[in-house]
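The values are calculated or read from the model by the stated rules, or taken from the named source; none is laboratory data. What you see is a predicted model, and the numbers here were worked out from it, not measured in a lab. Virtual Cβ from ideal backbone geometry, glycine too; neighbours counted across all protein chains shown. The accessibility values were calculated without ligands, DNA or RNA, using every heavy atom of the protein model including side chains. Shrake-Rupley method; radii C 1.70, N 1.55, O 1.52, S 1.80 Å.
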Amino acid sequence: MTSNLETTVTVFGGSGFLGRNVVRALCKRDYRVRVAVRRPELAGHLQPLGKVGQIHAVQANVRYPASVEAAMRDSDIAINLVGILTEGGGQTFDAVQVKGAETIAKAAAAAGARMIHVSAVGADENTLSSYYRSKAAGEAAVKAAAPSATIVRPSLMFGPEDQFTNRFAALARMSPVLPLVGGGVNKLQPAYVADVGRAVADIVEGNAKPGATYELGGPEVLTMREVMEIILEITQRDRMLAPLPFGLAKLQALVLQFAPGAFKLTPDQVAMLRSDNVVSEAAKTAGLTFEGLGITPDSMEAIAPQYLWRFRATGQFQKKSA
């Protein structure tokens, strides 16, 4: 049997938010990890996650097939984590999340490597959101190039470096009013990023059904209003939650898409909030979830206080008693 030490896993987009958690999980299981990123010189923060020589960063840009093929050389498994939340310049949803995903899948197939593609809960070719349509098209492109590929669809992910809970905590520190697009009634199933990283590593180890699509959501289904209330409770901020109709939110987003930091809001993000972001009943029935992989996911209420404490006015972390 081949040792994990003899197995090379190439992680495209491995230096990002989910990437560092996937790399950490793979290193704990003694895989050789090749991190394929556009700027390998900026991936040095990954080195402490593994043993000396275990992690190797290489240059690759999914918009250039030759660089992807070079990164895949002698690899046993390919993991695609590359994705963008907003478009800019040549970094479009189609270029990155559709054609880029297809390029990686074709390179994996040519190398005889197994393929794991990370998409998103909410991927749908008929949705109003360009982001979610591109995710669905990316899945189709991957399956066409590598039919046995495993698809992973996480719900909105949270964790110390996320652009989700940290964004709203920062906004609460600056603004007395927090908007709830569409009234905040849309449902989410936030997934802890470390749990998603562990799930991807489990799939690498062969603990998944070949060619299946897994949907990974946390233990609780929450409305956007409930998520905001949890963040305000953790950060000890008293802020007004003001419903914002979709039409008005879309108009504001035409301007706010150019805003910096926590104030940024794009028309496509408004469209994303029109639908729920939860694990489907079909995935639950088929066992294609965290639980199906033998993982008990952590809740946002259990994890978020460990890093959102820094947004409190007191700046002190107070652990809740059990």
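Evaluate segment 255-271: report whether one residue or more is among the aliphatic types (A, V, I, L, M), over 30 Å from residue 128 (Cβ atoms), more than 23 Å from the chain's Cα centre (by Cα) and surrounded by fewer than 18 Cβ atoms within 10 Å (Cβ to Cβ).
Among the residues of segment 255-271, not one is among the aliphatic types (A, V, I, L, M), over 30 Å from residue 128 (Cβ atoms), more than 23 Å from the chain's Cα centre (by Cα) and surrounded by fewer than 18 Cβ atoms within 10 Å (Cβ to Cβ), which makes the answer no.
Being in a strand (DSSP E or B) and either in contact (Cβ under 8 Å) with a residue 40 or more places away in the chain or open to solvent by 40 Å² or more (accessible area, probe 1.4 Å) (or both) narrows it down to one of 152, 142, 196, 200, so name that one.
152
Could you tell me which of the residues 158, 168, 93 is open to solvent by less than 30 Å² (accessible area, probe 1.4 Å), aromatic (Phe, Trp, Tyr), touching a residue at least 60 places away in the same chain (Cβ under 8 Å) and out of contact with any His (no Cβ under 9 Å at 6 or more places or on another chain)?
Unique residue meeting the criteria: 158.
When you check residue 188 against the structure, is it within 17 Å of the chain's Cα centre (by Cα), open to solvent by less than 10 Å² (accessible area, probe 1.4 Å) and either without any contact (Cβ under 8 Å) to a residue 12 or more places away in the chain or more than 30 Å from residue 10 (Cα to Cα) (or both), yes or no?
Taking the combined requirement at face value, the residue satisfies it.
Have a look at 284, 264 and point out the one that is at pLDDT below 95 and of a type in the set (Lys, Arg).
Exactly one of 284, 264 is at pLDDT below 95 and of a type in the set (Lys, Arg), namely 264.
Would you mind finding the one in 31, 64 that is at pLDDT 95 or above and open to solvent by 50 Å² or more (accessible area, probe 1.4 Å)?
After ruling out the rest, the residue left standing is 64.
Return a yes/no flag: does segment 76-88 have any residue that is touching a Leu at 6+ places or on another chain (Cβ under 8 Å) and buried (at least 16 other Cβ atoms within 10 Å of the Cβ).
Looking through segment 76-88, at least one residue is touching a Leu at 6+ places or on another chain (Cβ under 8 Å) and buried (at least 16 other Cβ atoms within 10 Å of the Cβ).
Kindly indicate which of 14, 19 is open to solvent by less than 20 Å² (accessible area, probe 1.4 Å), in contact with a Leu (Cβ under 9 Å, 6 or more places away or on another chain) and assigned to a loop (DSSP other than H, G, I, E, B).
14
Considering only residues of segment 76-102 that are assigned to a strand (DSSP E or B) and modelled with pLDDT of 95 or more, which is nearest to residue 261 (Cα to Cα)?
This residue is 80.
Select from segment 172-184 the residues that are aliphatic (A, V, I, L, M) and touching a Pro at 6+ places or on another chain (Cβ under 9 Å) and write down the one among them that is nearest to residue 309 (Cα to Cα).
So, considering only residues that are aliphatic (A, V, I, L, M) and touching a Pro at 6+ places or on another chain (Cβ under 9 Å), the one nearest to residue 309 (Cα to Cα) is 180.
Of everything in segment 206-248, what is surrounded by fewer than 16 Cβ atoms within 10 Å (Cβ to Cβ) and under 23 Å from residue 4 (Cβ atoms)? Give them in sequence order.
206, 207, 209, 210, 211 - these are the residues of segment 206-248 that are surrounded by fewer than 16 Cβ atoms within 10 Å (Cβ to Cβ) and under 23 Å from residue 4 (Cβ atoms).
In segment 209-221, which residue that is of a type in the set (Gly, Ala, Ser) and modelled with pLDDT of 95 or more is nearest to the chain's Cα centre (by Cα)?
217
Filter segment 93-133 down to the residues that are more than 11 Å from residue 83 (Cβ to Cβ) and of a type in the set (Ser, Thr, Tyr) and list them by number.
Passing the criteria: 103, 127, 129, 130, 132.
Quick one: is residue 117 open to solvent by less than 30 Å² (accessible area, probe 1.4 Å), touching a Lys or Arg at 6+ places or on another chain (Cβ under 9 Å) and in a strand (DSSP E or B)?
The answer is yes for residue 117.
With the structure loaded, tell me whether residue 109 is within 23 Å of residue 289 (Cα to Cα) and out of contact with any Lys or Arg (no Cβ under 7 Å at 6 or more places or on another chain) or whether it fails that test.
For residue 109, the condition - within 23 Å of residue 289 (Cα to Cα) and out of contact with any Lys or Arg (no Cβ under 7 Å at 6 or more places or on another chain) - is not met.
Kindly provide the set of residues from segment 173-185 that are aliphatic (A, V, I, L, M), touching a strand residue (DSSP E or B) at 6+ places or on another chain (Cβ under 8 Å) and either at pLDDT 95 or above or open to solvent by 10 Å² or more (accessible area, probe 1.4 Å) (or both), ordered by number.
Selection gives 177, 180, 181, 185.
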